[in-house]
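The values are calculated or read from the model by the stated rules, or taken from the named source; none is laboratory data. Quick caveat, the model's predicted, so the values are computed rather than measured. We place every Cβ from the backbone using ideal geometry, glycine too, and count neighbours over all the protein chains shown. These accessible areas exclude ligands, DNA and RNA; they are computed on the full protein's heavy atoms, side chains included. Shrake-Rupley method; radii C 1.70, N 1.55, O 1.52, S 1.80 Å.
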Amino acid sequence: MRAIETVKNIWKIEDLRYRILTTLLFVMVYRIGSYVVLPGIDPQGLAHLQEQTSGGLMALLDMFSGGAFSNASIFALGIMPYISASIVIQLLGMAVPYFQKLQREGESGRRKLNQYTRYLTVLILLIQGPSYLINLKVQMNQGAAGAFPSDFMFIITSTIILAAGSMFVMWLGERITDKGVGNGISFIILVGIIARLPQALGLEFVNRVATKSGGLVMFLAELVFLLFVVALSILLVQGTRKVPVQYAKRIVGNKQYGGARQYIPLKVNTAGVMPIIFAQAIMFIPITIVGFSADNASNNFMRAFMDNTGFWYNLVYAFLIVVFTYFYTAITIQPNQMAEDMKRNNGFIPGIKPGKKTAEYIDMIMSRITMPGSLFLALVAIMPAFAQIAGINSGFAQFFGGTSLLIIVGVVLDTLQQIESHLMMHHYDGLLKSGRIKGRTGSVAAY
């Protein structure tokens, strides 16, 4: 069979085999760490915390941490503080001249920006840590009085441990990027999401079959619809609009160059899954403000933004996704640079003057294809809310679109694309019989 032959070819390539095994090793370390409970916490007293994270926005937060949040693990805060810090630094890169200058300085500027991102991540962790511990105390004391250590030093040491745990997860992600397969941060999030799938699938099966709420037919119908949404997500990730570019003939010495027509593939969803991750990070802010507990919400306004099936939550969430799609597309695609590169290489878009007119034309095309792409991305993102309203359990509903599905599709395609590149480099067949796998951006997307 072709699949067995492909696996054999992958195993024959020493560098690829080493990268895959390294990735699996780091993932194993991450998964083990998600079950290491904070020192001083009795695991038997976490029943109320796990009940709290069984639905709503808390379930999403727990999913991003791979279950570490509900386990009161040393990795409980997960990778989201790093994502939040990345958002802030990228926004500063659009507004603050100093950060704009760093973005133009190449590798040295990128290292400085990464360093600032890490500093900001630590600051966010030092704020979120005590907030998480306060919520943990409330939930544990509901189950067993005095189960949560009451001394002040425990709060300080546990905050340091939580911050160190999240920074270690970030370090694991960077090591996967350097020595493993795919983008490490993306892979860490992917593993946390997939870890919840078997349990969610089992609960939905029991709910439909054992309790006779729709039966096996309804469960199979849900799976068919899920596959349909997956197919739509793949189309969203891979959809492109090709812009023709004609290269004029050049004669250098006795050789002739150019004269051929090529195409610029402008993606319908250039930003990939990043707008959803950015928007989700923003939507987690109310949880941090009120101490992770909906019971602590001081007014209806805060409660509305902690209900992931509510109207206002999903409206703001969809709006942020559209905004971040345009934002991320703007910093990824630079029409002026593309126009200059074409002009320098004697290229032009038929019917469009080189230079400024070409840049305006590319910008117009990007605006036209980004709008439907962003709206469809927002629709897929809020689809889990409709699934929950339709009666699907909250854990399984998260896979009917939203952050979970698009991250799974995007990261899997990017990882498979990198594996295929290694195979092609060593003159083996690709993973598909015809054509090549297309990732989100043509290469592995980086956070």
Accessible-area order for V88, V37, largest to smallest, probe 1.4 angstrom, reads V88, V37
Heavy-atom accessible area with a 1.4 angstrom probe orders F311, F376, F187, most exposed first, as F311, F376, F187
Of 321-327, 353-359, 175-181, ordering from highest average Cβ density within 10 Å down gives 321-327, 175-181, 353-359
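So how do W171, W312 rank on accessible area, 1.4 Å probe, biggest first, that is with the largest at the start? Intermediate values should be presented prior to the final figure.
Working: W171 110, W312 145 Å².
Order by accessible area, largest first: W312, W171.
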Mean Cβ-within-10 Å packing, highest first, puts peptides 128-139, 224-235 in the order 128-139, 224-235
Computed for the stretch 73-140: size of charge dipole around the Cα centre, +1 on C-beta of each Lys and Arg, -1 on C-beta of each Asp and Glu, debye to nearest 20, value 120
